[in-house]
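Working notes, structure below.
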């Protein structure tokens, strides 16, 4: 079998190799397949420690990559690698995007509009009501709801989004075949049918405590904004809020009773600068998402002015760095970046990471067809 993705999967199975070390291997060898078959001295030159090299050597002698791939297919698990066109754009923009994502269900263009709703496992009646209101409102307005499938606020948010007929995405801190908590197995099936289950941990990975902070980074990374409903002073939801702030995402926190343990974390977030969320529609208003459904069905296919037209013609299906775009169009860099951002919102172009852009084939063909008719 010559499926290149299996070598990405192979390194995701090696203990001690994450995004940083995997990128170092790519930089050194240029290809995961070459890295997988490299001798120990070459792996050492690539910067791997003796322990990690030992893990690589032991694993590659113990597994059959064809069988691993067949097992993934048998379980219905899709593998997304960092170079895929459909790899989530917002994750691609992170400093260290996960090289491999495992997925049950599917991500669609609708999930470009996504908000995370997370919080404590020890939910109160107040927290339950607020989480249901927020997630339901987002879903009814065409916003995908992202959460972590945990007990409490996370599960309630997924359920409310499904009940409202919307899409929801669960980011897991375990392999996709290790649903945690186990009582959420049925919920996980519903999410996969109306959204996606995502993990950067390979199948078989147990839900260990150390897996969840990195999982929280992906929750915020996939989202336009993060809403913390209830959180104690040591809640993992506060880690998600911290990642969101670092990633430039909006952070909303639901204020609560100052004597309630479940509101101490959210009240502290508000004190430190998070936006107090006073009604669910506030998220839509702050992010200008009140017309998402209309935007999806009425995306502008034609350039609105000469600058958009110039950029549209300069781009193709092959990624082009923003410096090269500026050089080809002879436009000021600030004009290029601002216009590309607007065109991306319209669905005319897409950033594929590293400040590189492509045009979307269907939109460009429609533009040219219309241009021929007009002439």
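Here are a few things to note about the model shown:
- Checked against (1) within 22 Å of residue 289 (Cα to Cα); (2) touching a helix residue (DSSP H, G or I) at 6+ places or on another chain (Cβ under 9 Å); (3) exposed (fewer than 14 other Cβ atoms within 10 Å of the Cβ), residue 340 passes all but a single condition, namely (3).
- Taken together, the criteria exclude residue 243 from residues that are at pLDDT 95 or above and more than 21 Å from residue 345 (Cα to Cα).
- Subset of segment 246-272 [in contact (Cβ under 8 Å) with a residue 12 or more places away in the chain and assigned to a helix (DSSP H, G or I)]: 261, 262, 263, 264, 265, 266, 267, 268, 269, 270
- Residues located in segment 197-213, provided they are out of contact with any helix residue (DSSP H, G or I) (no Cβ under 9 Å at 6 or more places or on another chain) and surrounded by fewer than 18 Cβ atoms within 10 Å (Cβ to Cβ): 204, 206, 208, 209, 210
- Unique match (being under 28 Å from residue 344 (Cβ atoms) and without any contact (Cβ under 8 Å) to a residue 60 or more places away in the chain) among 108, 40: 108
- Residue within segment 189-196 that is buried (at least 21 other Cβ atoms within 10 Å of the Cβ), part of a strand (DSSP E or B) and modelled with pLDDT of 95 or more present: yes
The values are calculated or read from the model by the stated rules, or taken from the named source; none is laboratory data. Please read all numbers here as calculations on a predicted model, not as lab measurements. With ideal geometry, Cβ positions are generated from the backbone for all residues, glycine too; neighbour counts draw on all protein chains shown.
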